[in-house]
Amino acid sequence: MTVTHTNKLSRLEARIAPQQKKLIERAASLRGMNTTNFVLAAVERAAVETIKDYEMMALHGDTARAFAEVLLNPPAPNAALRAAAERHLSVRA
């Protein structure tokens, strides 16, 4: 049996000022890249960094210590948490 994979590409277009285009072309040339690959690499780096910034939580000082304390010494479950656990276990049964 032969399996055929097709990599369908999508198009992304942008309108930019002539001076922006010249700047990008120069930067791409300095990197030894064509403009498309340069732009894609830069946009991908920016996208990954943006997602990381929104997904990562940074805690400092007292907040970090309080968070670590709760992780190391969690409080006893309250009535609402015990009820939720019982509901969860009854659904799984």
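Brief remarks on what is shown
- Stokes-Einstein diffusion of region 18-92 at 25 °C, 0.890 mPa s viscosity, Kirkwood radius from Cα pairs, rounded to a whole number: 140 µm²/s.
- With contributions of -39500 (n - 2.57) from each DSSP H run of at least four residues, the per-residue ellipticity at 222 nm computed over the chain stands at -21000 deg cm²/dmol.
- Projecting the Cα positions of Ala58, Ala68, Asn37 onto the charge dipole of region 18-92 (unit charges on Cβ atoms of Lys, Arg, Asp and Glu, taken about the Cα centre) puts Asn37 furthest along the positive direction.
- Virtual spin-label span in nm between Thr35 and Asn78, 7 Å along Cα→Cβ: 6.0
- Between helix 35-55 and the chain: long-axis angle, C-alpha atoms, 0 to 90°, nearest 10: 10
- In plain terms, the chain from Arg87 to Leu12 could stretch by 22.2 nm, reckoned as 0.36 nm per residue minus the Cα-Cα distance.
- Rounded tilt (10° steps) of 18-30 against the dominant C-alpha axis of the chain: 80
Each reported figure results from applying straightforward, stated rules to the coordinates on display, with no laboratory input. Treat the numbers as computed from the prediction; the structure is a model and nothing was measured. No Cβ is skipped: glycine too gets one built from the backbone with ideal geometry, and neighbour counts run over all protein chains shown.
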